[in-house]
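K.L.:
Handing you a structure now.
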Amino acid sequence: MTGERTYLDYNATAPLRPAAYEAVCAAMDGIGNASSVHKEGRDARALVETARQSVASLVGVEPDCVTFTSGGTEANHLAFRQAADRGSTTIFYSAVEHPSVAEAAKLASAEAGVPVTEIPVDDQGRVSLTALEWLLASGGDRPFVSVMTANNETGVLQPLGQIAELVHGQGGILHSDAVQVAGKLAFNIKTLGVDMATLSAHKIGGPLGVGAFVLAEDAHVAARQTGGGQERGRRSGTENVSAIAGFGVAASLAANMDDAEKMRTLRDRLEASLKASVPDVEFFGSSVDRLPNTSCLSATGLKAETLLMQLDLAGLAVSAGSACSSGKVTRSHVLDAMGVEENLAAGAVRVSLGWKTTENDIEKFCDAWIKAVQMSKRTSGSGSRLAVAEG
Ligand code: PLP
């Protein structure tokens with residue numbers, strides 16, 4: 001990112017925290033394999049175990065409950081691997097999940113030969129508790145349910161406490177993709193009644209390519225990847241020691257949540273400023289609890305493709321189409337599930353703030369977005385289909 005650029009795409013990936021960068025570099029100077037018994041190996045192991053403690057304490061569990069993976073996607077796959085292993089004969093996931101959850105659910109369903117069903121959401125993107133209750137009552141042993149903590153596109157928070165009660169009332173298992181919530185709001189797996197969760201380092205200022213599958217209580221974990229037996233046989237493969245060390249430092253910083261209130265103030269200022277200039281601007285999911293750093297917005301007649309280019313030229317990085325499947329521009333399944341009209345969904349962009357965001361960044365975005373709206377109103381071209389970020 002050059003000095004002139006304004007980065008407002010933290011939900012896609014957050015800039016590496018300087019302390020995490022230092023930890024990665026320092027660990028890369030080491031030469032040991034964390035499984036080796038010699039001093040070099042023991043030094044590497046110490047880095048991994050220190051990081052495990054930090055990640056565990058971020059979400060309120062014991063270190064043995066944390067399994068390091070290559071990121072959130074792999075952790076989601078590991079979560080669904082547990083469905084068959086624990087005797088679930090039915091799988092549910094919410095209609096607004098990240099594709100890595102939806103795909104892992106379908107894979108697990110095909111492997112285990114058990115049905116998989118999407119849980120509908122309301123117009124704010126929150127899981128319908130009535131629908132969930134009905135689905136859970138419709139049969140199946142130990143239903144395996146996955147509902148994300150916070151949505152990556154809209155920031156909308158799910159009523160996990162109530163969901164946990166319903167799921168456990170039917171003897172089920174609750175997994176939550178908590179990739180987006182860490183560092184933005186307090187997230188304690190046990191308090192919420194979640195049985196297993198997913199984390200990703202690069203969303204909290206840690207390095208790319210490392211994440212964790214976390215259990216509320218230490219228990220057997222069926223592996224997806226077998227081999228050398230690392231991570232207590234839960235996930236084989238030589239540990240990525242430097243990335244894990246950086247993840248640990250980022251997790252410690254995230255636990256402090258130093259930037260949460262600053263992000264909320266700036267996000268609210270952004271929305272108030274846009275509303276004052278463009279009264280018909282729509283902020284998706286803004287009637288319910290959301291992450292403090294996220295705003296997903298649109299106004300009629302905008303086209304996100306054009307808008308993103310205009311914003312990029314003005315030095316601003318925000319998201320529309322999925323950052324996880326670069327170049328692929330599809331309608332947002334999240335806005336679809338919320339029943340957002342196509343002409344509004346077509347112009348939706350996601351702005352996500354983080355530890356480096358300043359007031360000046362917000363002003364720059366507001367100026368550029370308002371200019372783009374004015375230009376679009378003057379030219380008001382033909383409509384196009386486009387989506388918000390899935391990253
Ligand atoms: N889950 C959510 C909600 C995400 O936003 C993402 C990343 O975009 C992932 C999972 C995937 O995480 P990773 O990029 O670490 O594989």
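K.L.:
Is segment 160-216 rounded, prolate or oblate when judged by the Cα gyration tensor, a ≥ b ≥ c being the square roots of its eigenvalues, rounded requiring a/c under 1.5 and prolate requiring a/b larger than b/c?
P.N.:
Prolate, because a/c is 1.5 or more and a/b exceeds b/c.
K.L.:
Using the heavy atoms of the protein chains alone and a 1.4 angstrom probe, what is the accessible area of the chain per residue in square angstrom? Kindly include the intermediate steps, with their values, before the conclusion.
P.N.:
Numbers: 15690 Å² over 391 residues.
I get 40 Å² per residue for the chain.
K.L.:
While we're here: Report relative contact order for segment 18-256 in percent, whole number only (criteria: Cα-Cα under 8 Å, sequence separation at least 6).
P.N.:
On the way: 517 pairs, mean separation 69.9, N = 239.
Once divided by the residue count of segment 18-256, the mean separation gives 29 percent.
K.L.:
Starting from the Cα-Cα distance between residue 313 and residue 142, subtract it from 0.36 nm times their residue separation and give me the gain in nm to one decimal. Display every interim value, and only then the final one.
P.N.:
Values: separation 171, 0.36 × 171 = 61.56 nm, distance 5.16 nm.
So the extension gain works out to 56.4 nm.
K.L.:
Ignoring everything except DSSP H segments at least 4 long, calculate the 222 nm mean residue ellipticity for the chain; use -39,500 (n - 2.57) per segment, divide by total residues, nearest 500. Can you show the working numbers first?
P.N.:
Working: 13 runs with 157 residues, N = 391.
Computed mean residue ellipticity for the chain: -12500 deg cm²/dmol.
K.L.:
To the nearest µm²/s, what D does Stokes-Einstein give for segment 184-226 at 20 °C and 1.002 mPa s, using the Kirkwood radius over alpha carbon pairs as Rh?
P.N.:
Details: Rh = 12.1 Å.
Estimated diffusion coefficient is 177 µm²/s.
K.L.:
Per q in 0.15 1/Å, what log10 I(q)/I(0) does a Debye calculation on the alpha-carbon atoms of the chain return?
P.N.:
The calculated log intensity ratios at q = 0.15 Å⁻¹ are -1.31.
K.L.:
Further question on the same structure: For the pairs 106/203; 184/356; 184/262; 203/356; 106/190; 275/377, flag any whose C-alpha to C-alpha distance is greater than 18 Å. Working shown, then result.
P.N.:
Details: 106/203 25 Å; 184/356 14 Å; 184/262 11 Å; 203/356 13 Å; 106/190 27 Å; 275/377 16 Å.
Pairs exceeding 18 Å: 106/203; 106/190.
K.L.:
Turning to a different aspect of this structure: Take the alpha carbon atoms of segment 157-226, find their center, do the same for segment 5-33, and report the distance between the two centers in whole angstrom.
P.N.:
Each part's Cα centre sits 23 Å from the other's.
K.L.:
Related question: What is the spin-label model distance, in nm, from residue 107 to residue 236 if the labels are put 7 Å beyond Cα along the C-beta direction?
P.N.:
Each label point lies 7 Å from its Cα, and together they span 1.7 nm.
K.L.:
Quick check: from the Cα gyration tensor, does segment 1-160 come out rounded (a/c under 1.5), prolate or oblate? Could the numbers behind the result be given before it?
P.N.:
Numbers: a/c = 2.75, a/b = 1.51, b/c = 1.82.
Oblate shape, in that a/c is at least 1.5 and b/c is the bigger or equal ratio.
K.L.:
As I understand it, the value is the acute angle between the Cα axis of helix 99-112 and the longest principal axis of the Cα atoms of the chain; what does it come to in degrees, rounded to 10?
P.N.:
Helix 99-112 sits roughly 40 degrees off the main axis of the chain.
K.L.:
Additional query: Select from 138, 287, 176 the residue whose mean-square fluctuation is largest in a Gaussian network model of the chain (Cα-Cα springs shorter than 10 Å).
P.N.:
Judging by the Gaussian network model, the answer is 138.
K.L.:
Highest first, please rank the peptides 357-369, 199-211, 87-99 by the mean number of other Cβ atoms sitting within 10 Å of their residues.
P.N.:
Working: 357-369: 18.2, 199-211: 26.5, 87-99: 22.4.
Those peptides, ordered most packed to least, come out 199-211, 87-99, 357-369.
K.L.:
Have a look at segment 197-313 and give its Rg and Dmax from the Cα atoms, expressed in angstrom.
P.N.:
For segment 197-313, the Cα-based Rg and Dmax read 20.3, 59 Å.
K.L.:
Right, another one. Could you please state how large a percent of the accessible area of segment 90-239 is carbon and sulfur, counting protein chains only and using a 1.4 Å probe? Intermediate results must be reported in sequence, preceding the final value.
P.N.:
On the way: 2630 of 5190 Å².
About 51 percent, which is the carbon plus sulfur part of the accessible surface.
K.L.:
Search the structure for amide H atoms under 5 Å from the amide H of residue 9, placed 1.01 Å from N in the peptide plane, and list their residues when 5 or more places away or on another chain.
P.N.:
For residue 9, whose amide H was placed from the backbone, the distant partners under 5 Å are 352.
The values are calculated or read from the model by the stated rules, or taken from the named source; none is laboratory data. This is a predicted model, so every value here is computed, not measured. Note that each Cβ is placed from the backbone with ideal geometry, even for glycine, and that neighbours are counted across all protein chains shown. When the accessible area is computed, the model is the full protein with side chains, heavy atoms only, and any ligands, DNA or RNA have been set aside. Shrake-Rupley method; radii C 1.70, N 1.55, O 1.52, S 1.80 Å.
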